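Everything below concerns the one structure shown next.
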Amino acid sequence: MQTLFPIALIAHIVGITFMAGTTLVEYLLMNHFWKLFKNDRSKAIASHDTGFNFHLLVDIGVTLLILSGVLMLIIFQGVFIKQIWFQIKIGLIIIIAINGTLIGRKNDKKLNALLSLEKLNLHKNDFPEQENLKEDFISLKQRLNLFYISQLLMFLTIFTLSIFKFN
């Protein structure tokens with residue numbers, strides 16, 4: 001058991017770091033994408049198409065986090081379960097996972113659909129439809145921005161709770 005705890009703790013830290021780090025990188029890349037999109041849509045679309053799908057890294061992080069967390073709970077016989085900082089941390093992890101799955105991936109799919117329309121340039125001569133597409137992009141940009149900022153703030157809260165362990 002003495003060597004099992006440090007291994008579980010390392011896996012736990014790696015898991016949360018994968019999740020938070022990937023979210024930060026996605027946020028920075030998304031901001032870069034929108035800057036490109038504003039100035040040169042074709043360049044933005046090309047950069048988005050060649051981008052890496054980070055969902056796998058988040059999934060690996062979640063898996064490491066859960067397995068190592070359960071292992072540490074077993075090692076310490078669930079002593080943390082009754083502590084408020086731990087309950088808040090678990091709640092935030094659940095919210096992050098649900099938010100990422102339901103909101104984040106939904107908005108990613110919406111962005112891909114809008115970019116497909118943009119690539120096809122189906123509505124280049126239809127001004128009202130162009131305006132609708134522009135509004136869809138603006139709305140999606142705002143939703144994605146809110147999504148990433150809320151995820152990052154929740155990760156920051158988790159790190160803070162894990163370090164200070166407020167009761």
Folded to 0 to 90 degrees: helix 127-164 orientation relative to the chain principal axis, Cα: 10 degrees
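Given Cβ point charges of +1 (Lys, Arg) and -1 (Asp, Glu) and nothing else, what value in debye, to the nearest 20, does the dipole of the chain about its Cα centre take? Walk me through the numbers on the way to the answer.
Values: 16 positive and 11 negative charges, 60 e Å.
In debye, rounded to 20, the chain gives about 280.
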Binned Cα-Cα distances of segment 79-158, short to long, each 10 Å bin given as a whole percent: 16, 34, 22, 15, 8, 3, 0
Partner lysines for K141 [C-alpha distance under 27 Å; skip if fewer than 8 residues away on the same chain]: K35, K38, K43, K106, K109, K110, K119, K124
Under the Karplus curve 6.51 cos²θ - 1.76 cosθ + 1.60, θ = phi - 60°, whole-Hz ³J(HN,Hα) for segment 2-12, x wherever Gly or Pro sits: 5, 8, 5, 4, x, 5, 5, 5, 4, 4, 5
Using θ = phi - 60° and Karplus 6.51 cos²θ - 1.76 cosθ + 1.60, couplings along segment 94-111 (whole Hz; Gly, Pro as x): 5, 4, 4, 5, 5, 4, x, 6, 7, 9, x, 5, 4, 5, 4, 5, 4, 4
Cα long-axis angle, helix 55-75 against the chain (0 to 90 degrees, to the nearest 10): 10 degrees
Normalised contact order of the chain, rounded percent, pairs of Cα under 8 Å and 6 or more residues apart: 32 percent
Charge-dipole axis of the chain as Lys and Arg at +1 and Asp and Glu at -1 on Cβ define it, positive-most pick from I74, M19, L133: I74
Projected label distance in nm at V79 and N132, using a 7 Å step from Cα toward the beta-carbon: 6.2 nm
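Can you pull the Kirkwood radius for segment 4-164, inverse mean 1/r over Cα pairs, to one decimal in Å?
Numbers: mean 1/r = 0.0567 Å⁻¹.
Taking every pair of different Cα atoms in segment 4-164, averaging 1/r and inverting gives 17.6 Å.
Values quoted throughout were computed directly from the atomic coordinates according to the rules given, and no laboratory measurement underlies them. Predicted model, so just to flag it, every value in this text is computed and none were measured. All Cβ positions, even for glycine, are placed from backbone atoms using ideal geometry, and neighbour counts span all protein chains on display.
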